[in-house]
Each structure stands twice: as structure tokens, then as C-alpha cells.
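FYI, it's all coordinate maths here, none of it is from the lab. Since the structure is predicted, the reported quantities are computational estimates derived from the model, not experimental observations. FYI the Cβ positions are ideal-geometry reconstructions off the backbone, even for glycines, and counts take in every protein chain you see.
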């Protein structure tokens, strides 16, 4: 059976910005309780008083990642180089029995191009190839018999070197996504390795995204 506390938690989890403000004690509990009165009443199918909601808000314990700002701030300030690569194209292809064979041909083509930007990601149903625009025609030719469901050019990649302990810091990626969303920057793709994080965006947003990430380090 749902309680007022359950409903409040569900609503807060669905609004991470609100949850973070609550964790930092920079929000008016009374005003927020009034705001949540109607949705909580609808969830419980009965009238709920704002005082009961305010009590649930004061008892609510945000995730550790939201309140552990010192550890996250230290990690963000210790980010390494920010690298920007432009002139990229992204192919989305349906997985098939021949895709790997065609992929091998692509690897043979680029194996000595050490400065070329290239990534390959295989999902359950589809795969992505992101590569420098110089090889766009080559990739199109070798995917001729594949089911290519999307192709997007005029893309850029912004890569960050992460601190070695990044995989043990919960909430680190959330802060990247929050900042980019706050600045109205849509992400075309997100890529990562153990100590490197890359976002793929349309060229029009490069300057804005680079500035946002640089400000985070400061």
C-alpha cells in the first residue's frame, strides 16, 4: 500500500533537479509541499494535506551521490584534457551476419591512420560507427548491402580524461548531463571507456558545450 512518503519519493526521483535542491537545503519546504499536494492526492486517490507532505519532505533522505558534493567536486576539478574533434559522421546499422565481415574491411583501411577518430559500438539490435568524414564514402560503399537506418554528419566529439577513481564515484556522469541539459545542449551519442568520456554533438553546439564543460572544471 502506498504511503505519502512513497509518493513524495517517487515524485522527487522523477525530478532530479528538484531532488538536488532539496539535498542542498536550498528549497522552501512549505512551498514545495503545496506544489505536491495535488499530485500526491491523485496518486493516493484521496485528499492529502500539505502539512503531511512537508513532514515527508523533511524526513526524505536523498541519494548519497547528491549530498556527497565534496567528492564529486574534487573529481570534476581533477578532470584531464578536453579534446575536440570535428568533421565526424555517424552510421547506425542493423546487426547482421555480414556486418562484422564488413567491419574488418574498415579496420584494414584505417589501421595505419593513428590520428583518425573512429569508434564502433555494437548493441543488441544495432551498431554504430563513428568516423572522420574523410572516410564517409568508403563506409557507405562497404555498408551497401547492410541495413543502414540512420546517417548523420556535421558532428563533433568532445572527450574528457577522467580521474582513475571515476568508476567508484556515483553521480559523476549525472553532473555532466545536468550541466549540458541546463544549457540546452542535445547529445547525439554518448561514449565512454574506463577513463575517458566522450559526447557526440552537432557542430552548432560545439562552442557552447565546450564552454559548459570547461566552466565545470573551474
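How much length, in nm to one decimal, is gained on full extension between residue 211 and residue 137, taken as 0.36 nm per residue of separation minus their Cα-Cα distance?
Working: separation 74, 0.36 × 74 = 26.64 nm, distance 3.24 nm.
My answer for the length gained is 23.4 nm.
When the Cα atoms of region 4-67 are aligned to their principal axes, the ranges along those axes come out at 33, 19, 17 Å in descending order. Comparing Cα centroids, region 133-152 and region 176-204 end up 24 angstrom apart.
If I take R0 = 45 Å and measure r between the Cβ atoms of residue 45 and residue 177 in this structure, what FRET efficiency does the formula 1/(1 + (r/R0)^6) give, to the nearest 0.05? Could the numbers behind the result be given before it?
Details: r = 34 Å, r/R0 = 0.76.
Calculated transfer efficiency: 0.85.
Across the chain, the relative contact order, built from alpha-carbon pairs under 8 Å that are at least six residues apart, equals 20 percent. Peptides 88-100, 154-166 ranked from most to least packed give 154-166, 88-100, packing being the mean of other C-beta atoms within 10 angstrom over each peptide's residues.
Between the labelled values [x] 37; [y] 54; [z] 58, the entry that holds percent of Cα pairs over 24 Å apart as derived from this structure is [z].
Mean residue ellipticity at 222 nm from the helices of the chain, using -39,500 (n - 2.57) per DSSP H segment of n ≥ 4 over the full residue count, to the nearest 500 deg cm²/dmol? Each step should come with its number before you reach the end.
On the way: 10 runs with 99 residues, N = 218.
Calculated at 222 nm, the ellipticity per residue is -13500 deg cm²/dmol.
Contact order, relative form, for region 4-67: 47 percent (alpha carbon pairs under 8 Å, 6 or more residues apart, mean separation divided by residue count).
Contact order for region 68-144, expressed relative to its length and based on alpha carbon pairs under 8 Å spaced 6+ residues apart, stands at 37 percent.
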